[in-house]
Amino acid sequence: MIVAPKIRGFICTTAHPDGCAKHVAEQIAVVRNRGPISNGPRKVLVIGSSTGYGLASRIAAAFGTGAATIGVFFEKSGDSEKCATAGWYNSAAFENEAAAAGIYARSFNGDAFSDEIKAEVIAAIKEDLGQVDCVIYSLASPRRTHPKTGETFRSVLKPIGQSYTNKNLNTNTGVVDEVTIMPAENNDVAETIAVMGGEDWEMWIDALLAENLLAPGVQTFAYSYIGPDLTWPIYKNGTIGKAKEDLERVQRALDEKLAPLSGKAWVSVNKALVTQASSAIPVVPLYISLLYKVMKEHGTHEDCIEQADRLFRDRYTDPQPDELGRIRLDDWEMDPKVQQPVIANWHNVNTENLAGLADIDGYQSSFLRLFGFGLEGVDYDADTDTAMKIPSIL
């Protein structure tokens, strides 16, 4: 089957298996080229491991520290007539690369919020690893069915209290216009917290603790974002920000639970990047395009893999927490030397000067690469195997 990108809104509905494999290989090369990571984790569970920061974390752990990894995700397989999701192809490529390197990798495809998947993963850890010394929580989902009550919650990206109007980039047309987002209502905040907050993270850690599957000194990380104040109404002070606050509440609770193991829970505040999740947030794509331009000029731009590598290489044993106890991998983004020109360009940017002030080509390239398109060395005119299997999920 010949696969081309088909864009609908903020998502690409196709994915290229060879392109996704090349993208995974490039990320592995980034880690390998930096040399082995000393004192990193050895047995890692990544919840939400198929794309973005979760995938990068799995790659950095496996190919930086040689860690055995178990990955959990919810993706769709393909066949001879339709594509799988990008996360499926990413995970297949990761497992193939890990097998070639002699590194243990096992994956589980299903609802990570469910008790069933937790039970399957627990059984695998008992059978194969004994215990894990690191748990990465990197789920981004629009909905969650509570495993105890059966109630389904849906997250929303809305401001709180009043509507919010600001500049926005139509990434399909390159037009800079305005977007107005109506405020949260009814149970929007509570439902977003239920989906994107810390309850499920805590459920995972509780389940692992109950089975004695966490090694002494275990560390667990959940990913968050803060950003500049121009995005705060839709992010930090919006519904998603309330969910991120709940992550910090759970982090403190987990610290107490892990104390007998001399373990530690962390919220890692990461850099703004093009991911499947961030592409859906109004205002943010324009900010990211402006940010990429400045950070590339400063030589400080990082993608997910560089961020994950820096977490394990530089912050795993030397976390350098901020005043609220968070790891700040967004430190280069929030450097005033970066933020000042980004904010100045934000006030000046329009459709006509977008190409000069923003890295719109870089944004578009990063977006397409998420789905395996636009990578050098891939023949996009050739037939490809859209029915690619994940070795541990046959």
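The values are calculated or read from the model by the stated rules, or taken from the named source; none is laboratory data. Note that this is a predicted model, so its numbers are computed, not measured. Cβ placement follows ideal geometry from the backbone for every residue including glycine, while neighbour counts extend to all protein chains displayed.
When the residues of segment 218-237 are narrowed to those that are of a type in the set (A, V, I, L, M, F, W, C) and surrounded by 22 or more Cβ atoms within 10 Å (Cβ to Cβ), which ends up modelled with the lowest pLDDT?
Once the filter is applied, the top-ranked residue is Ile234.
Would you confirm whether or not segment 90-100 contains a residue that is within 20 Å of the chain's Cα centre (by Cα) and closer than 27 Å to Ile240 by Cβ?
Yes, because at least one residue in segment 90-100 is within 20 Å of the chain's Cα centre (by Cα) and closer than 27 Å to Ile240 by Cβ.
Any residue at all in segment 276-287 that is outside any helix (DSSP H, G or I), within 21 Å of His23 (Cα to Cα) and modelled with pLDDT under 95?
yes
Mind counting the residues in segment 114-143 that are of a type outside the set (Phe, Trp, Tyr) and either in a loop (DSSP other than H, G, I, E, B) or in contact with a Phe, Trp or Tyr (Cβ under 9 Å, 6 or more places away or on another chain) (or both)?
19
Just give me the residues in segment 350-375 being aliphatic (A, V, I, L, M), assigned to a loop (DSSP other than H, G, I, E, B) and surrounded by 20 or more Cβ atoms within 10 Å (Cβ to Cβ), in sequence order.
We begin by selecting, within segment 350-375, every residue aliphatic (A, V, I, L, M); these are 354-355, 357-358, 360, 368, 370, 375.
Those still in the list that are assigned to a loop (DSSP other than H, G, I, E, B) too: 358, 370, 375.
Passing the criteria: Ala358, Leu370.
Sort out which residues of segment 99-118 are of a type outside the set (Ser, Thr, Tyr) and free of Cβ contacts under 8 Å to residues at least 60 places away in the same chain, and write them in order of number. Give the steps one after another, and end with the answer.
The first filter runs over segment 99-118 and keeps only residues of a type outside the set (Ser, Thr, Tyr), leaving 99-103, 105-106, 108-113, 115-118.
Across segment 99-118, the qualifying residues are Ala100, Ala101, Gly102, Ile103, Gly110, Asp111, Asp115, Glu116, Ile117.
Condition first: under 16 Å from Pro285 (Cα atoms), of a type outside the set (Phe, Trp, Tyr) and either under 23 Å from the mean Cα position of the chain (by Cα) or part of a helix (DSSP H, G or I) (or both). Can you find one or more residues in segment 376-391 that meet it?
Taking every residue of segment 376-391 in turn, none turns out to be under 16 Å from Pro285 (Cα atoms), of a type outside the set (Phe, Trp, Tyr) and either under 23 Å from the mean Cα position of the chain (by Cα) or part of a helix (DSSP H, G or I) (or both).
Tell me which of these Ile240 doesn't satisfy, since it passes every other one: (1) in a helix (DSSP H, G or I); (2) over 24 Å from Val72 (Cα atoms); (3) modelled with pLDDT under 95; (4) not acidic (Asp, Glu).
Single failed check for Ile240: (2).
Cβ-Cβ distance below 8 Å, separation of 6 or more or different chains: which pairs start in segment 273-286 with a residue that is more than 12 Å from Val179 (Cα to Cα) and end on one that is of a type in the set (Val, Ile, Thr) and part of a loop (DSSP other than H, G, I, E, B)?
The qualifying pairs are Thr275/Thr51; Gln276/Thr51; Ser279/Thr171; Pro285/Thr171; Pro285/Val274.
Pick from Ser49, Ser57: which is assigned to a loop (DSSP other than H, G, I, E, B), touching a residue at least 12 places away in the same chain (Cβ under 8 Å), under 28 Å from Trp204 (Cα atoms) and not hydrophobic (A, V, I, L, M, F, W, C)?
Values: Ser57 fails: assigned to a loop (DSSP other than H, G, I, E, B).
After ruling out the rest, the residue left standing is Ser49.
Within segment 263-279, is even one residue of a type in the set (Phe, Trp, Tyr) and in contact with a helix residue (DSSP H, G or I) (Cβ under 6 Å, 6 or more places away or on another chain)?
no
Do any residues in segment 84-98 that are at pLDDT 95 or above have Cβ atoms under 8 Å from those of residues that are aromatic (Phe, Trp, Tyr) and outside any helix (DSSP H, G or I), where the two are at least six apart or on different chains, and which pairs are they?
Matching pairs, first to second residue: Ala86/Phe371; Gly87/Phe73; Ser91/Phe73; Ala98/Tyr104.
For segment 170-213, name all the residues that are over 27 Å from Phe153 (Cβ atoms) and touching an Asp or Glu at 6+ places or on another chain (Cβ under 8 Å). First the steps, then the outcome.
First pass over segment 170-213, keeping only residues over 27 Å from Phe153 (Cβ atoms): 170-178, 212-213.
Asn170 - this is the single residue of segment 170-213 that is over 27 Å from Phe153 (Cβ atoms) and touching an Asp or Glu at 6+ places or on another chain (Cβ under 8 Å).
Say whether the condition of being more than 22 Å from the chain's Cα centre (by Cα) and crowded, with 17+ Cβ neighbours inside 10 Å is met by at least one residue in segment 295-316.
no
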